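One structure below.
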Amino acid sequence: MTGAGDAPRGIDASTALDPAVRAGEASAAAAVAAGDSGPGDVPLTDLTAAAFFDVDNTMMIGASIFHFARGLAARKFFTSSDLAGFAWQQIKFRVGGRESTYSTTTGRDTALSFVAGRSVDEITTLGEEIYDELMADRIWAGTRALAQMHLDAGQRVWLVTATPVELALIIARRLGLTGALGTVAESVDGVYTGRLVGEILHGPAKGHAVRALAVSEGLDLRRCTAYSDSVNDVPMLSAVGTAVAINPDASLRDIARERGWQVRDFRTGRRAARIGVPSVIGAAAVAAAGLAVRRR
């Protein structure tokens, strides 16, 4: 990875000062460097079309980064009060959709501060364990089937998420997908500094990441498809020829209706009715209750 203040390789100096552009292009570069991680039994026959899937509440129930944080807390990476504070930040981020909160210098520099000083290899190994423990059974079967449909058509499939790219790549490998675009954490000599390259891969940054990957991989975005649950991902959804709202929040549902986008909802009953209230709230409440019980 790059040192603090340096523009990542492949990013033009004129755009390096834009955190969203920098985050998007760094994420695309990391995805290309990681290579295809999907199964080799399905040949790639449609090289100019691809699919892009958001993760939280689209591919996975709840927030992947919160599940990851829970796993790290169980391994004593930080205290229960740290986890509660982290959960509250995730709730505000997901419910309020306040990108500016995470775009400030403080937000960028503290978002992954809990891994500062840890090696990339260590966090990747823990990510594998935590996926199996806390995430594997939270995958939406309907969304997974949509991803498989693209794979069966000979197209590549990438996850696009604010989750750290190392964790995003683990999820992609476990699901047999091509790869992942995620938030890039700065590291020096294989050790995390606790800072980010650019900013969280969110909102406009996702759109930049998809466009940068399309240039690198020779994709025709008009033939590509994107899936998300959140109005925050309109920049990514608007970058492709086909946009699909999955388990959409109220604002995205309205936009999808206005623009003629497809809507797929895999929630049922009251759960589906509570559009806009992300599963991370429930996860945070459960975690807080569990921590309280352990303290008692």
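Any read-out appearing in this document is the output of simple, stated calculations on the displayed coordinates, not a laboratory observation. If you're wondering where the values come from, they're calculated on a predicted model, not measured in any experiment. Cβ sites come from the backbone with ideal geometry, for glycine too, and all protein chains shown count toward neighbours.
Quick one: order MET236, MET59, MET149, MET135 by neighbouring beta-carbon count within 10 Å, fewest to most.
By the 10 Å Cβ count, ascending: MET149, MET135, MET59, MET236.
Once you order the gyration tensor axes a ≥ b ≥ c over the Cα atoms, which shape class does region 129-185 get: rounded for a/c under 1.5, otherwise prolate or oblate by comparing a/b with b/c?
oblate
Quick one: which residues, 5 or more positions from ALA51 or on another chain, have an amide H under 5 Å from its amide H? H modelled 1.01 Å from N in the peptide plane, none for Pro or chain starts.
It is ARG156, VAL157, TRP158, THR225, by chain and number.
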